[in-house]
Amino acid sequence: MGGFFGVAAQEDCVFDLFFGTDYHSHLGTRRGGMAVYGEDGFNRAIHNIENSPFRTKFDKDVQTMKGHLGIGCISDYEPQPLIVRSHHGTYAITTVSKINNTDEIVRDIFSSGNSHFLEMSGGDVNPTELVAALINQKDNLIEGIHYALDTIDGSLTLMLMTPKGIYAARDKFGRTPAVIGKKENAYCISFEEFAYLNLGYQDYRELGPGEIAVVTPQGVKTLIAPGKDMKICTFLWVYYGYPSSTYEGVSVEGMRYRCGEKMAMRDDAKPDIVAGVPDSGTAHAVGYSNASGIPFSRPFIKYTPTWPRSFMPTIQSRRNLIAKMKLIPVHDLIQDKSLLLIDDSIVRGTQMRETTEFLYQSGAKEVHIRAACPPLLYACKYLNFSRSTSEMDLITRRVIARLEGTEEVSQEVLSEYTNPESPKYDQMVEEIRKELNFTTLRYNRLDDMLDAVGIPKEKLCTYCWDGRE
């Protein structure tokens with residue numbers, strides 16, 4: 001995933017930019033960057049944040065950077081912001097994107113005269129550079145940004161900073177958010193609405209799907225009006241969003257409480273305690289406990305002083321190990337107890353299986369597992385939600401392949417596995433339960449989860465659960 005923060009101020013913006021960007025550290029694990037524009041022109045810094053938090057890496061840069069305009073980002077993938085010199089002049093750009101048609105776009109740009117792209121360490125084209133190349137195909141920045149939004153298959157939200165102001169554009173279907181805050185003599189643009197509250201900004205407004213606006217110290221002007229269709233990612237509420245986040249007026253923490261309540265209302269388990277896998281399952285577990293009357297407890301404590309989320313290796317096996325090392329058990333709350341443990345989702349199943357085995361080794365009598373969202377059957381096409389390289393990384397698809405005797409399963413058959421009323425769904429869940437050694441396993445229903453969000457279903461993306469675009 002990734003997050004961003006931008007500031008247009010009449011005075012120096014670096015303090016707000018630094019802390020506003022840092023408030024997005026939960027959204028990315030690999031690179032952080034800031035670019036500012038002031039009397040000395042453009043100034044930029046990019047650092048690797050895989051083994052050290054954003055604030056530590058950028059502390060020295062903040063002492064020397066000065067400017068009244070600035071954009072910053074936390075990225076799970078590419079180094080950015082980039083500074084680009086083009087026929088539009090010089091600008092800085094940062095994006096949150098997933099581009100599925102990269103090869104096609106690169107071929108088209110080469111055919112129109114672009115000479116080269118710089119490869120990143122993994123051999124891929126930097127997606128933000130690719131977006132800049134699309135923008136530069138057009139005669140002006142507004143047309144170029146609009147062209148990029150329309151051309152990309154996947155998703156794209158961006159900020160582009162010129163000496164005169166910051167262009168902000170939200171994905172054409174609003175799959176990721178972009179919100180504007182305001183205080184005296186300054187405006188900010190943020191992925192996360194809460195990121196500017198402690199900096200003195202008040203809510204100004206959200207950008208609509210496909211909207212392009214320019215933000216200056218004097219105000220905000222819409223250049224291209226928002227579209228009517230929206231497909232914002234539902235997983236922002238289930239997992240990715242920080243508890244204090246709000247999207248489309250719906251609180252993340254509040255949604256997770258309601259999510260847990262919905263699960264409790266359909267459950268017949270009688271555990272001694274309800275717990276959440278910290279931190280992603282905690283709020284769901286609180287909601288479940290409140291609705292069921294079963295005590296909430298914390299048999300695991302997440303060790304955070306030296307293990308922030310940003311310290312997560314890119315190799316999956318090592319990520320699993322680090323995730324396990326973060327959780328410290330409280331044996332008095334585990335020994336001889338029947339536990340109901342809630343997490344946001346089950347992707348590969350590896351971490352949850354290891355967690356369950358550890359609970360049994362620590363003396364738990366029963367371990368009932370609940371997932372706060374439905375079974376994940378499709379790899380996300382629109383956001384860098386998962387590090388899965390194949391849908392067969394998903395435990396659901398591996399189990400379905402076993403049950404069907406083939407990996408090539410039709411959409412018609414897959415739709416049966418997404419239906420919680422069907423025999424195939426029950427068979428799939430039972431196979432997963434046995435493979436991961438849970439006492440019982442239940443997933444939240446899609447209809448209940450969407451009710452917990454409270455936004456009309458047609459405005460929410462549910463592709464990873466039901467395959468509907």
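Annotations
- Positive-end residue, the range 125-170 charge dipole about Cα centroid, Cβ charges, pick of ASN136, LEU160, ALA148: LEU160
- Between ASN140 and LYS183, the simple label model (points 7 Å from Cα in the Cβ direction) yields a spacing of 3.3 nm.
- Calculated SAXS-style log₁₀ I(q)/I(0) at q = 0.09 Å⁻¹ - the range 250-466, Debye, Cα scatterers: -0.35
- The orientation-averaged projection of the convex hull spanning the C-alpha atoms of the range 56-114 amounts to 6.0 square nanometres.
- Across every pair of non-identical alpha carbons in the range 2-230, the mean reciprocal distance, once inverted, gives a Kirkwood radius of 17.3 Å.
- The Cα-based radius of gyration and maximum Cα-Cα distance (Dmax) for the range 230-304 are 13.0, 42 Å.
- Unit charges on C-beta of K, R, D, E only; dipole of the chain, Debye: 720 debye
- Here, the chain has an Rg and a Dmax of 22.9, 70 Å when only alpha carbons are counted.
- Packing-based ranking of 103-111, 250-258, 199-207 yields 250-258, 199-207, 103-111, ordered from highest to lowest mean Cβ neighbour count within 10 Å.
- Projecting label points 7 angstrom from Cα along Cα→Cβ for ARG55 and THR90 puts them 3.2 nm apart.
- In plain terms, the C-alpha convex hull of the range 60-170 casts an average shadow of 7.6 nm² when viewed from every direction.
- With 28 Å as the limit on Cα-Cα distance, the pairs of LYS183/LYS231; LYS66/LYS182; LYS138/LYS183; LYS138/LYS457 that go past it are LYS183/LYS231; LYS138/LYS183; LYS138/LYS457.
- The calculated FRET efficiency for SER111 paired with ASP203, based on their beta-carbon distance and R0 = 60 Å, is about 0.85.
Each reported figure results from applying straightforward, stated rules to the coordinates on display, with no laboratory input. What you see is a predicted model; the values in this text were computed from it and never measured. All Cβ positions, glycine included, derive from the backbone under ideal geometry; neighbour counts span all protein chains shown.
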